[in-house]
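Working notes, beginning with the structure itself.
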Amino acid sequence: MTSGRMSRGERWAFAKYFSVNVIKTTSEKIIVRDALLLQDNFAKRMEPIDAFALILILGPAVADVAQTFREEHKAQRIKPFRPNATHDHASEEQGILWSVSEIEEHGVCGVAVRAAGPSTEELKDWIKRRLFSLKPL
């Protein structure tokens, strides 16, 4: 999800946004239900975020990628998010906020990765780097 067409002044230019992503097995059992609600003058609180992503990494074919996310997330040092802080862009990872949630439902295992970044391009590049090993799939 992106903040809109910024060049046209449409950055987070809506009063409310609500979405639900539901992933089911072939037998209609729910594996993941993820909801996103943005409301109540959230645009001011979003600085410097302009893009969100939900990445679902499920099943044995991508177990190694899921494990890499788990390990990298565990190794990160947790720092408080300060929306108006000056960012040091020496690291290409700077500015991407992300979290990992375990998924284990109805015999399906993996992770849900939620990520937010300062631009669509930066977030897309971050995702590409992490999912590069999936290219052969």
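Once you put a point 7 Å from the Cα of Gln76 and another 7 Å from the Cα of Leu134, both along the Cβ direction, what distance in nm separates them?
1.7 nm
Beta carbons within 10 angstrom, averaged per residue: use that to sort the peptides 110-117, 38-45, 97-104, highest first. Spell out each step's value before the answer.
Working: 110-117: 20.4, 38-45: 11.4, 97-104: 14.8.
Descending packing order for the listed peptides: 110-117, 97-104, 38-45.
Positive end of the charge dipole of the chain (Lys, Arg +1 and Asp, Glu -1 on Cβ, about the Cα centre): tell me which of Asn21, Ala43, Gly107 has its Cα farthest that way.
With unit charges placed on the Cβ atoms, the residue in question is Ala43.
For the chain, with only Lys/Arg (+1) and Asp/Glu (-1) charged at the beta-carbon, what is the dipole magnitude about the Cα centre, in debye rounded to 20?
280 debye
Tell me, what is the per residue accessible area of the chain in Å², probe radius 1.4 Å?
Values: 9390 Å² over 137 residues.
For the chain, the solvent-accessible area averages 69 Å² per residue.
In whole Hz, what ³J(HN,Hα) sequence does region 56-64 give by Karplus (6.51, -1.76, 1.60; θ = phi - 60°), x for Gly and Pro?
Values per residue, Gly and Pro as x: 9, 10, 10, x, x, 5, 10, 4, 5 Hz.
If you take the square roots of the eigenvalues of the alpha-carbon gyration tensor of the chain and sort them as a ≥ b ≥ c, do you get rounded (a/c under 1.5), prolate (a/b over b/c) or oblate?
Oblate.
Could you tell me the calculated FRET efficiency between Phe18 and Glu105, based on Cβ-Cβ distance and R0 = 25 angstrom, to the nearest 0.05?
E between Phe18 and Glu105, to the nearest 0.05, is 0.65.
Expressed as a whole percentage, what fraction of the accessible surface of the chain belongs to carbon and sulfur atoms when a 1.4 Å probe is rolled over the protein heavy atoms?
Numbers: 4940 of 9390 Å².
After summing per-atom areas, the C and S share lands at 53 percent.
Where does each of His73, His106 land when they are ordered by accessible area, with a 1.4 Å probe and the largest first?
Ranked from most to least accessible, the order is His106, His73.
The values are calculated or read from the model by the stated rules, or taken from the named source; none is laboratory data. Here the structure is a predicted model, which is why all the values come from computation and not from measurement. Cβ sites come from the backbone with ideal geometry, for glycine too, and all protein chains shown count toward neighbours. With ligands, DNA and RNA removed, areas are computed over all heavy atoms of the protein, side chains included. Shrake-Rupley method; radii C 1.70, N 1.55, O 1.52, S 1.80 Å.
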